[in-house]
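The values are calculated or read from the model by the stated rules, or taken from the named source; none is laboratory data. The shown structure was predicted, so the numbers you read here are calculated from the model rather than taken from an experiment. Note that each Cβ is placed from the backbone with ideal geometry, even for glycine, and that neighbours are counted across all protein chains shown.
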Amino acid sequence: MLAFAGLTADARVLINKTRVEAQSYRLTCEDAPTVEYLARFIAQTQQKYTQRGGVRPFGIATLLAGFTEAGKPILYQTDPAGTYSSWKAQVIGGRNAKTLREFLEKNYEDNMTEDKAIKLSVQALLEVVDSGAKNMEITVLRKGVVREVMAEKDIAVIVKQIEIEIEEMKASAMATSA
């Protein structure tokens with residue numbers, strides 16, 4: 001699964017190049033490429049375009065998610081300069097990326113359940129998205145399943161739960177300070 005922030009046209013070109021590379025790898029090696037291999041390919045392609053004359057750099061940053069051979073989830077980020085790095089949780093794009101990254105660093109826990117990870121993602125999105133679930137799209141990636149886009153009503157339930165928790169925290173803080 002790949003998500004990007006930046007120029008959509010650049011993303012289409014880079015994604016098509018990556019698909020061709022993945023198909024070529026599969027035909028040559030008779031095995032699917034790893035997520036790290038694809039992240040490295042994307043980063044190398046982006047880096048090449050920063051040095052070639054007559055072309056401009058790709059104006060996108062990507063998040064590439066998948067699973068290791070052992071079934072462990074893995075996440076890579078690439079940037080327009082051509083670097084790639086592995087993360088446990090990461091955000092890209094927007095003015096508030098640094099704030100959200102700090103939020104994830106503070107609240108992320110190893111071996112989180114799927115429900116807890118989804119809730120953390122929604123909490124992070126609520127920091128920058130107005131009008132709750134209406135402007136959110138959450139995709140859950142599971143081993144062996146193509147992908148699942150959560151329904152708006154399911155996201156709304158999580159948003160409501162988070163809002164209730166926030167109100168309870170405010171009420172307990174006011175009671176403690178009084």
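Please indicate, with yes or no, whether at least one residue in region 19-30 is under 22 Å from residue 136 (Cα atoms) and of a type in the set (A, V, I, L, M, F, W, C).
No, because not a single residue in region 19-30 is under 22 Å from residue 136 (Cα atoms) and of a type in the set (A, V, I, L, M, F, W, C).
Being more than 13 Å from residue 117 (Cα to Cα) and touching a residue at least 24 places away in the same chain (Cβ under 8 Å) is the filter here, so list the residues in region 135-154 that pass it.
143, 147, 150
Please list, ordered by residue number, the helices (runs of 4 or more DSSP H) wholly in region 85-178 having 1 or more residues that are touching a Phe, Trp or Tyr at 6+ places or on another chain (Cβ under 9 Å), surrounded by 12 or more Cβ atoms within 10 Å (Cβ to Cβ) and assigned by TED's automatic domain parsing to the domain that holds residue 38.
Fully inside region 85-178 and qualifying: nothing.
Select from region 1-59 the residues that are exposed (fewer than 15 other Cβ atoms within 10 Å of the Cβ) and of a type in the set (S, T, N, Q) and list them in ascending order.
Passing the criteria: 8, 16, 23, 24, 28, 44, 50, 51.
Give region 71-84 a look and list any residue that's out of contact with any helix residue (DSSP H, G or I) (no Cβ under 7 Å at 6 or more places or on another chain), surrounded by 12 or more Cβ atoms within 10 Å (Cβ to Cβ) and either in a loop (DSSP other than H, G, I, E, B) or acidic (Asp, Glu) (or both), or say none.
79, the sole residue that qualifies.
The rows are residues; the columns are (1) within 24 Å of residue 45 (Cβ to Cβ); (2) out of contact with any Leu (no Cβ under 9 Å at 6 or more places or on another chain); (3) modelled with pLDDT of 95 or more.
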site: 93; (1), (2), (3): yes, yes, no
site: 114; (1), (2), (3): no, yes, no
site: 122; (1), (2), (3): no, yes, no
site: 162; (1), (2), (3): no, no, no
site: 173; (1), (2), (3): no, yes, no
site: 177; (1), (2), (3): no, yes, no
